[in-house]
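Chemist: Input: one structure, supplied below.
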Amino acid sequence: MTHKKFLSIDQGTTSSRAIIFSSKGEMLATSQKELRLYYPQNGWVEQDAEEIWQDTLACIRDVLKKHPDCVSFGITNQRETTILWDKRTGEPLYNAIVWQDRRTAEYCSELKAAGHENKVTEKTGLLLDPYFSATKIKWILDNVEGSKTLAEQGHLAFGTVDCFLIWRLTGGKRHVTDATNACRTMLYNIQNNVWDDELLELFEIPKNILPEVLDNVAEFGTTAEGLLPQVYPVHGVAGDQQAALIGQACFGKGMVKSTYGTGCFALMNIGEKFKTSQNKLLTSIGYRLNGKTTYVLEGSIFVAGAAIQFLRDNMGFFSSANESEALAKAVDDTNGVYFIPAFTGLGAPYWNPNARGAILGLTRDTTKAHITRSALEAQAYQTKDLMEAFEKDTGVKPNIIRVDGGLVANHFMVQFLSDILNTPVDIPTCRETTALGAAYLAALGSGEFKTLDDIAKNWNVSEHYNPEMTEQNRDHYYAGWKSAIDKLSA
Ligand code: ADP
């Protein structure tokens, strides 16, 4: 039997990619281009929207050369990153302001001080933070000359990266996004599934610049005539973390996926009932299919694999990230060393933007092996913090977690994770779960898949880890981490 092919566009923070998958979830072709980041001022992070488009297009063309017979496209993307463009020309007004950008921190603090955070959380599931799109949009409107006039004249469009790519792919015919991207703008009411007028007023953003919000599986448009060898429909869109949730087939209430790339993002499926967190987690739309919303709780940790990059590039401890495993295993433990990689502040569940990274517990005989081990162990402790918050919010302790991302190539890290969580951990056969999730949405949209069960049936485990640590050790190590965090926050 021949399997149908789907093209997944995976537009991430550090690279743009196109991957062709079969409906069995096999990768048939892949093309990737590294993407530049610009830091025009301290705390500012930008990308060239034109480069995002050109790179993505080049990758799509590249993989279609080998497999032009794709049924449809799926898109997954870095979330929150904000682009405003002139609808008449498709020209961006300003660089893409990347999710990591902190330029609106002061404005967010002012809004918080004025007592607006509860309202924002009740409606959007988010915290009032520069991370999300709303204040980035406002910044462009306030700082780019002529943008407000363009909006008044109905010529201005806002979009997250998915939306901008669809605009370009369809030759300016479609201004649409999906519910999982919309829910990260801080303008979308995720209880009612509408752009929220009160929030638009609060952030002073005109409604006519916003895209139409569709389900994750929908008719997002077709590629413009002449752009690619054929015309292809776009049938599926989801933000990167939600796409990974789908690729990991976490469709049951209480199921958790955790992705360890540059940062770490853990999502727990909480079912069809909206709920805000009492423990500083975010609530988001996990997916919306046939008009039915499934919610997730999300914990975001800003630095995961980036801590390993730091030891490699800044400290020169090793030349390749995978050497960190042998180094960590060369010692029996960290000898009391804890590495808190809070380079840009602490994310969930602490949300302390002023915290900075620290290595604690150094003694005269500490070696780079101890420090490397502590950086890997930190991934487990950070995840444990999130899992405790999930459990407090929902009363559910997951009986297994599904992990992915570059860091899970490190067996030491994954075993330690399972040990500290006291929970089995599974790695699936296809580790490109984000791109795979988008391909699966396209398969659903084209009718190749009928239900989510078709995705779940394709999910297979490649590595399974069971906890092996004694309770006494687990408690001892984690108590040390908590005490290190307390010292950092003091
Ligand atoms: P992203 O999608 O965020 O760019 P990836 O999922 O590709 O990230 O993961 C890359 C990260 O994983 C890097 O930060 C790298 O340092 C880390 N990494 C990759 N392989 C290993 C390894 N064997 N041990 C530890 N860290 C690793």
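The values are calculated or read from the model by the stated rules, or taken from the named source; none is laboratory data. Keep in mind the model is a prediction, meaning the values are calculated, not measured. Please note: Cβ atoms are built from the backbone with ideal geometry, for glycine as well, and neighbour counts cover all protein chains shown. When the accessible area is computed, the model is the full protein with side chains, heavy atoms only, and any ligands, DNA or RNA have been set aside. Shrake-Rupley method; radii C 1.70, N 1.55, O 1.52, S 1.80 Å.
Chemist: Nearest 10 degrees is fine. How inclined is helix 411-421 to the longest principal axis of the chain, computing both from alpha carbons?
Modeler: Roughly 80 degrees, rounded to the nearest 10.
Chemist: Rounded if a/c is under 1.5, else prolate if a/b is larger than b/c, else oblate: which is the range 5-241, with a ≥ b ≥ c the root eigenvalues of its Cα gyration tensor?
Modeler: Details: a/c = 1.78, a/b = 1.71, b/c = 1.04.
Because a/c hits 1.5 or more and a/b exceeds b/c, the range 5-241 counts as prolate.
Chemist: Taking the Cα atoms only, what angle lies between the long axis of helix 471-489 and the longest principal axis of the chain, rounded to 10 degrees?
Modeler: It works out to around 70 degrees.
Chemist: Determine the share of the chain's accessible area contributed by carbon and sulfur atoms, expressed in whole percent, with a 1.4 angstrom probe. List each step's numbers first, then the result.
Modeler: Values: 8990 of 18870 Å².
About 48 percent, which is the carbon plus sulfur part of the accessible surface.
Chemist: Could you check the simple spin-label distance between Glu51 and Asn192, using points 7 Å along Cα→Cβ, in nm with one decimal?
Modeler: Distance between label points: 4.1 nm.
Chemist: Using +1 on the beta carbon of Lys and Arg, -1 on that of Asp and Glu, and nothing else charged, what's the dipole of the chain about the Cα centre, debye to 20?
Modeler: Using Cβ point charges on Lys, Arg, Asp and Glu, the chain gives about 400 debye.
Chemist: Suppose R0 equals 45 Å; then what is the FRET efficiency for Thr363 and Glu212 from their Cβ-Cβ distance, rounded to the nearest 0.05?
Modeler: Taking R0 as 45 Å, the efficiency between Thr363 and Glu212 is 0.15.
Chemist: Here's something else I'd like to know. Where a Cα-Cα gap under 13 Å defines reach, which aspartates and glutamates qualify for Lys123, not counting those fewer than 8 residues away within the same chain?
Modeler: Within reach: Asp196, Asp197, Glu198.
Chemist: Under a plain spin-label model, where a point goes 7 Å from the Cα along Cα-to-Cβ, how far apart in nm are Asp486 and Gln41?
Modeler: 3.9 nm
Chemist: Farthest toward the dipole's positive end in the range 147-204, which of Thr160, Asn189, Leu199, given Cβ charges of +1 (Lys, Arg) and -1 (Asp, Glu) about the Cα centre?
Modeler: Ranked along the dipole, the leading option is Thr160.
Chemist: If you count only protein heavy atoms with a 1.4 Å probe, what accessible area per residue comes out for the range 5-241, rounded to a whole Å²? Don't skip to the end; give the middle numbers.
Modeler: Values: 8620 Å² over 237 residues.
On a per-residue basis, the range 5-241 sits at 36 Å².
Chemist: Right, something else. Pairs Lys5/Lys66; Lys253/Lys275; Lys65/Lys457: which are spaced more than 19 Å apart, C-alpha to C-alpha? Mind dumping the intermediate values first?
Modeler: On the way: Lys5/Lys66 12 Å; Lys253/Lys275 13 Å; Lys65/Lys457 30 Å.
Violating the 19 Å Cα-Cα cut-off are Lys65/Lys457.
Chemist: Students often get this wrong, so check it: of Lys384/Lys482; Lys136/Lys273; Lys112/Lys136; Lys87/Lys119, which have C-alpha atoms separated by over 21 Å?
Modeler: The pairs that break the limit, which is 21 Å between Cα atoms, are Lys136/Lys273; Lys87/Lys119.
Chemist: How large is the helix-only mean residue ellipticity at 222 nm for the chain, computed as the sum of -39500 (n - 2.57) over DSSP H runs with n ≥ 4, divided by its residue count, in deg cm²/dmol to the nearest 500?
Modeler: Working: 16 runs with 172 residues, N = 490.
Computed ellipticity for the chain at 222 nm equals -10500 deg cm²/dmol.
Chemist: Once Lys and Arg get +1 and Asp and Glu get -1 on their Cβ, which of Leu127, Ile427, Leu169 lies farthest toward the positive end of the dipole of the chain?
Modeler: Result: Ile427, furthest along the dipole toward the positive end.
Chemist: Using only the alpha carbons of the chain, determine the length spanned along each of the three principal axes and report them from longest to shortest in whole angstroms.
Modeler: Taking the Cα atoms of the chain, the three principal extents are 65, 61, 43 Å.
Chemist: Still on this model: For the chain, what is the percent of antiparallel DSSP beta bridges, rounded to the nearest 5? If you can, show how the numbers build up before the last one.
Modeler: Working: 55 of 77 bridges.
Just about 70 percent of them are antiparallel.
Chemist: In debye, nearest 20: dipole of the range 5-241 around its Cα centre with unit charges on the Cβ of K, R (+) and D, E (-)?
Modeler: Values: 24 positive and 34 negative charges, 125 e Å.
With only Lys, Arg, Asp and Glu charged at Cβ, the dipole is about 600 debye.
Chemist: Relative to the present Cα-Cα distance, how much length would full extension add between Ala113 and Glu34 at 0.36 nm per residue of separation? Each step should come with its number before you reach the end.
Modeler: Working: separation 79, 0.36 × 79 = 28.44 nm, distance 3.96 nm.
Residue separation times 0.36 nm, minus the Cα-Cα distance, leaves 24.5 nm.
Chemist: Using alpha carbon centroids, what distance separates the range 6-21 and the range 73-123, in Å?
Modeler: Using only Cα atoms, the two centres lie 22 Å from each other.
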